[in-house]
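Input: a single structure, listed below in structure tokens.
Read the figures in this text as sums done on the coordinates, not as results from a lab. Quantities reported herein were computed from a predicted structural model and do not represent experimental measurements. Cβ placement follows ideal geometry from the backbone for every residue including glycine, while neighbour counts extend to all protein chains displayed.
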Amino acid sequence: MNGKEIKAILGKNIKFLRYRKEYSQADLAEKADISITFLSNIERGLKFPKPDIMAKIAESLEVELFELFKTDIVPNGNKTLINNLSKDVTKKVNQAVKEVFIQYLK
């Protein structure tokens, strides 16, 4: 694996984990104390952060540092991605419906 591939894996994983936490780039950049532009460049595989910045990003995403480099963290197939999205949407819809019922049953 070369440097370009490592940057790409890191960027995709950060972006995926950021989406899963429902953070915008601005949210994560603020939490990690970096600029939005730098975060964007990391996510696009154009820049590679220093170890202390990587540690801040991992901490902000509430994952271990090594997880930012795992090659299997981002779903590869459309089926896997659709299943994960479906689970996330179902959970959010169920929670929203529950909140509505609670609000109207008071």
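Principal axis lengths of the stretch 1-74 from Cα atoms, whole Å, largest first?
31, 21, 19
Residue by residue through the stretch 51-59, which ³J(HN,Hα) values in whole Hz follow from phi under the Karplus form 6.51 cos²θ - 1.76 cosθ + 1.60 (θ = phi - 60°), with glycine and proline marked x?
These are the phi-based 3J(HN,Hα) values: x, 5, 6, 4, 4, 5, 5, 4, 4 Hz.
How high is the relative contact order of the stretch 1-74? Use alpha-carbon pairs under 8 Å, at least six apart in sequence, and give a whole percent.
42 percent
Calculate the FRET efficiency for ILE36 and VAL97 from the Cβ-Cβ distance with a Förster distance of 30 Å, rounded to the nearest 0.05.
0.30
How many nm separate the modelled label positions at GLU22 and PHE48, each set 7 Å beyond the Cα in the direction of the Cβ?
For the pair GLU22/PHE48, the computed spacing is 3.5 nm.
What FRET efficiency would be calculated for the residue pair LYS4, LEU65, taking the C-beta separation as r and a Förster radius of 30 Å, to the nearest 0.05?
It comes to 0.90.
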